[in-house]
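Worksheet for the structure shown next.
Nothing in this text is a laboratory measurement; each read-out follows from the coordinates by a stated rule. What you see is a predicted model, and the numbers here were worked out from it, not measured in a lab. Every residue, glycine among them, receives a Cβ derived from its backbone with ideal geometry; neighbour counts consider all protein chains shown.
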Amino acid sequence: MTTVTNLGFPRIGPRRELKHALESYWRGESSAEQLQQTARSLRQRHWKLQRDAGADVVPSNDFSYYDQVLDTAVLVDAIPERYRALYDANPLDGYFALARGVQRDGIDLHALEMTKWFDTNYHYLVPELHADQPFRLRGDKPVAEYLEAREQGLQARPVLLGPVSFLLLSKTVDGSDRLALLDRLLPVYAELLAKLKQAGAEWVQIDEPCLVLDQDGDDHAAYRKAYTTLAAGERPKLLLATYFGALGDNLALVASLPVDGLHVDLVRAPGQLDAVLDALGESKLLSVGVVDGRNVWRTDLDQALKLVRRAHERIGKRLLLAPSCSLLHVPVDASVETALPAELHAWLAFARQKLEELRLLADAAKGLVHAYDALDAARATFDTRRHSAQVHRPAVATRLASVDARALSRQSAYPQRRTAQQRRLGLPLLPTTTIGSFPQTHEVREARARFKSGKLSEADYDAFLAAETERCVRFQEDIGIDVLVHGEFERNDMVEYFGEQLDGFAFTKLGWVQSYGSRCVKPPIIFGDVQRPAPMTVRWSRYAQSLTDRPMKGMLTGPVTVLQWSFVRDDQPRSVTCRQIALALRDEVQDLEAAGIGVIQIDEPALREGLPLRRSDWAEYLDWAVESFRLAASGVADQTQIHTHMCYSEFNDIIEAVAAMDADVISIETSRSRMELLDAFVRFHYPNEIGPGVYDIHSPRVPELGEMAELLEKAARVLKPEQLWVNPDCGLKTRGWAEVRAALTTMVEAAQRMRESLAVEA
Ligand code: GLN
Ligand code: ZN
């Protein structure tokens, strides 16, 4: 019999129950017992849901109060010294302190750093280790949760993050070699495995997702040592789980490891099946991930069944069926999304539906008759997507096909454009601007909520937005900003706002996925060809420009960012969907220009995070990402100034691509790294203009004049003054007006001083 298994389930709850319980506990409004009770009942509910959906084996220890990497760190006692006393006194609060930092009673401890989990939008906490790091087994979470599942009568398979990936995902504060800690870490894993065995666990799923990355000889040696050591002890059988890509050049190593089973991702990398089967050997189990754990679409069951049958022919009973990866990255249940158009609703599969699909595949592989009927029905639904007029809009394809190379370049090269723009805009040296959004205050959010629920009329909402916008424009004029923004008060979210106005996008009611800790996002679903029925931002930009003689900057979210922060259709390459979005944005850019907007910013904060996991795939991605940006941006006259914005560090890898975007001005995040980031731009001789952020908007702290002036001086030392803009790091929507007022006033003053000192030098 083919077994249906799962690698992990969303823990936040179908209605974000865990989020609410966590935040109430953090506010001191509920007790630790209440929080633990909510967690327990969520786990039990989710296990039952998985079993009812058809899973034979459910994961345990996939639950987390905050993050599974942090769980692993505290499990092996890798608790940074500054937190130790706090953690020892109260492990639950210590755990949250590690995740969120502490600022009270004169204690000021910074949280662990957070970073993206591979190429997902989930963020994990980066464990902090050092050369003398001791490890020991602390607590019994994996054992306790295994027993909890078993008490419910379930066959559970505990999930652990493997020792090598754990180390590779950590950082050492002293710059020492992380893998050198493996010898000290392995006994802790061995002890834990023995305990799980004694508790009755037959199998353990041990995740080594780093095996889909480029790994070198040292990494390989570490895996070899880890699994030879762990295999030798008392332990359950080990299923080594890999996901998010192909094993590729790591396959031979993986096949040689003395584990009892292997999980591979056949959604991202269906082509690896034969090689994996060839390498598997005579006794290992193979878990095939044939249902997409990263996206929300119903599976092409015919395709999946082909893979399952091929594997089944070769290894028979040694085959397990699974989603490609943990279902953490999809919402819980699509059946509640009844407000969606019926056709679209039928195409969606969230966690629950994905397990049902696996059940169906397993039954069909066994030749069960009922499965064939169900398969026919699923096939019919699936096929409607291939032919739906909601998905396929011939006009979009026709237009895209007619785009020629000229559409990808501005009329003139940057130096000519610069002259034309200077003539039109008449900006001073070191022009000041902001990144777009101004504080989304309680009033702004409340007005939007009341408008959406019908309590505020459209006319009143518009009047409210107009007043907010005007106040924002006057404020910028008063303090002397050179290039103004309208403030983005009409926008809930920088992707949602555009998605709501474009054809081809849909929005769920409860399609939450965890981003980090209690934070969830509800990504738009791009299901069809994208097209723009009407201008999206022209009205507010034009209105804002009508209030002032200074240049007003139009504000758009770039094609790659829209793509990156959505669930994207899987029936055509992502690059095609990206170009469609770009074409819609190109029309918007041209409409803004025609409405008299002379400066237009196209934000691409997600460009870097779209980079594929393997370096060999980077060039192809960067090609279409840059091309999409250029398609969106290039349809304007020379004197129209195009800006872009990226709020992250690490430009070294992608600086050429960033330059190839050929924006007239780019604003980047630099204040937290004290301008170190500029290095990439300097080394590369970045030719166009740059606004290195001089003010860290992620902190409520208002920087002093001296700090901003110093950052500006640093920047002016390495860039030509004509290249330099003065702006904050990112949008101001999360800040309060008091801070913003103080910080921007200071920023303008810092720019002013810098101009004066440059004038003296000249
Ligand atoms: N224009 C957006 C804002 O100011 C940019 C946000 C971002 O970079 N994440 O909010
Ligand atoms: Zn930003």
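Each Cα pair under 8 Å and six or more residues apart adds its sequence gap; the mean of these over the residue count of region 61-214 is a relative contact order of 25 percent.
Reported to the nearest whole Å, the Cα centre-to-centre distance from region 460-511 to region 221-235 is 55.
Applying 1/(1 + (r/R0)^6) with R0 = 41 Å to the Cβ-Cβ distance of ASP373 and ALA397 gives a FRET efficiency near 0.70. Note on region 73-185: semi-axes of the ellipsoid equivalent to its C-alpha gyration tensor, largest first and rounded to whole Å, are 25, 19, 15.
Test of understanding: express the Cα radius of gyration of region 407-453 as a ratio to 2.2 N^0.38 Å, with N the residue count.
2.02
For the chain, the alpha carbon convex hull comes to 165 Å³ per residue, rounded to a whole number.
Ordering TYR516, ILE597, PHE527 by the projection of their Cα atoms onto the charge dipole of region 507-606, which places +1 on the Cβ of Lys and Arg and -1 on the Cβ of Asp and Glu, puts TYR516 at the extreme positive end.
Angle of helix 182-199 to the longest C-alpha principal axis of the chain, folded into 0 to 90 degrees and rounded to 10: 50°.
Nearest 0.05, what FRET efficiency do ARG755 and ALA449 give at R0 = 30 Å with Cβ-Cβ as r? Working from the Cβ atoms, E equals 0.10. The ratio of the alpha-carbon radius of gyration of region 199-254 to the globular-protein estimate 2.2 N^0.38 Å is 1.20. For region 243-323, what's the relative contact order in percent, using C-alpha pairs closer than 8 Å and at least 6 residues apart? Relative contact order for region 243-323 comes out at 31 percent.
The chymotrypsin sites (Phe, Trp or Tyr not before Pro) found in region 506-590 include none that occupy coil by DSSP while having at most 13 further C-beta atoms within 10 Å. Taking Cβ separations below 4.7 Å as the criterion for a possible disulfide partner, the isolated cysteines in the chain are CYS210, CYS325, CYS472, CYS520, CYS578. Note on region 365-444: with charges restricted to the Cβ of Lys and Arg (+1) and Asp and Glu (-1), its dipole about the Cα centre is near 620 debye. Pairs of alpha carbons in region 52-138 separated by more than 20 Å make up 40% of all such pairs.
In this structure, the amide hydrogen of THR172, modeled 1.01 Å from its nitrogen in the peptide plane, lies closer than 5 angstrom to those of LEU129, counting only residues at least 5 positions away or on a different chain.
If you place +1 on the Cβ of every Lys and Arg, -1 on the Cβ of every Asp and Glu, and leave all else neutral, what size is the dipole of region 553-605 about its Cα centre, to the nearest 20 Debye?
That gives a dipole near 100 debye.
Taking the Cα centre of region 1-158 as the origin and placing charges on Cβ (Lys, Arg +1; Asp, Glu -1), which of SER60, LEU92, TRP117 is farthest toward the positive end of the dipole? Projecting each Cα onto the dipole axis, the largest value belongs to SER60.
Between 0 and 90 degrees, the angle of helix 301-315 with respect to the longest Cα principal axis of the chain falls at about 40 degrees. With respect to the chain, whose longest principal axis is taken over its alpha-carbon atoms, helix 17-26 is tilted by about 70°. When a/c is below 1.5 the answer is rounded, else prolate if a/b is larger than b/c, else oblate, so apply that to region 566-609 with a ≥ b ≥ c taken from the square roots of the Cα gyration tensor eigenvalues. Oblate is the answer for region 566-609, as a/c is 1.5 or above yet b/c matches or exceeds a/b. Taking the Cα centre of region 77-128 as origin and assigning +1 to Lys and Arg Cβ atoms and -1 to Asp and Glu Cβ atoms, the resulting dipole is close to 120 debye.
Of interest is the spacing of the C-alpha centroids, which for region 70-103 and region 638-705 amounts to 35 Å. What the Cβ-Cβ distance of THR228 and ASP119 gives, at R0 = 35 Å and to the nearest 0.05, is a FRET efficiency of 0.70.
Restricting the calculation to Cα atoms, every distinct pair contributes to the Kirkwood radius of region 515-599, found to be 14.6 Å. Using the Cα gyration tensor of region 539-685, with a ≥ b ≥ c the square roots of its eigenvalues, what is the shape: rounded (a/c below 1.5), prolate (a/b larger than b/c) or oblate (neither)? Because a/c hits 1.5 or more and a/b fails to exceed b/c, region 539-685 counts as oblate.
With Cα atoms as the point set, region 203-359 shows a radius of gyration and Dmax of 16.8, 55 Å.
Among 607-618, 446-457, sorting by the average number of other beta carbon atoms lying within 10 angstrom of each residue, highest first, gives 607-618, 446-457. Short-range pairs are left out: with C-alpha atoms under 8 Å and at least six residues apart, the relative contact order of the chain is 11 percent.
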